[in-house]
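Take a look at the structure set out below.
None of the figures in this text is laboratory data; all of them are computed from the coordinates on show. Keep in mind that this is a model prediction, so the values were computed, not measured. Neighbour counts are summed over all protein chains in view; Cβ atoms, including those assigned to glycine, are modelled from backbone coordinates with ideal geometry.
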Amino acid sequence: MTRTDASFRLKVVEQYLAGPDGVRRIAARHGITFGLVQSWVARYRHHGPAGLAHKRGRYDTAFKLKVLGRMQREGLSYRQTAALFDIRGAGAIARWQCQYDSGELGAPAPAAERPSRMRKTPAPPKPAAELTLDEAREELLYLRAENALLKKLKALAQEDQAAARNASRKSSKG
């Protein structure tokens, strides 16, 4: 999609506000999505023509938490919240919500505690001769638990297969 200038957005909003045509008809007339028209209209209603201008900026953590708190308290959608706070993309608020839910948004964690975005490869196991007694016991417990889990998984799979066979036998007899 190509970017539109503020005068075009203002023209679309004014057509919607002045006429009997709905959002979908206005959007089709201009070859844009109706959701875009809805967001322009909402931003215009909250902030006037300034709400339709291009805006770039970074938001600090306190602002993001304020936005998420208000959205939660008032039960607002991402789009409604974006219009209310003059945020150009409702998707940004969705990202902030995910960051908040995962604990990434808030007081910045020290670098050592910050979750890594890259998958860590497990360290290669030590040779058995180099293990201490405690490490060997810990590995033994881990391997026993893993073995028990795999046995349980195999038993469940066999039960599912047996149930499927029984069901197919009953359906072929009936």
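Working only within segment 1-51, note down all residues that are surrounded by 15 or more Cβ atoms within 10 Å (Cβ to Cβ), within 17 Å of residue 78 (Cα to Cα) and among the basic types (Lys, Arg).
Passing the criteria: only 43.
Only residues that are within 17 Å of the chain's Cα centre (by Cα) and polar (S, T, N, Q): list them for segment 49-103, please.
Within segment 49-103, 72, 77, 81, 97, 99, 102 meet the criteria.
Let's see how each residue does on (1) more than 21 Å from residue 81 (Cα to Cα); (2) small (Gly, Ala, Ser):
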{"site": "10", "(1), (2)": "no, no"}
{"site": "14", "(1), (2)": "yes, no"}
{"site": "27", "(1), (2)": "yes, yes"}
{"site": "48", "(1), (2)": "no, yes"}
{"site": "52", "(1), (2)": "no, no"}
{"site": "55", "(1), (2)": "no, no"}
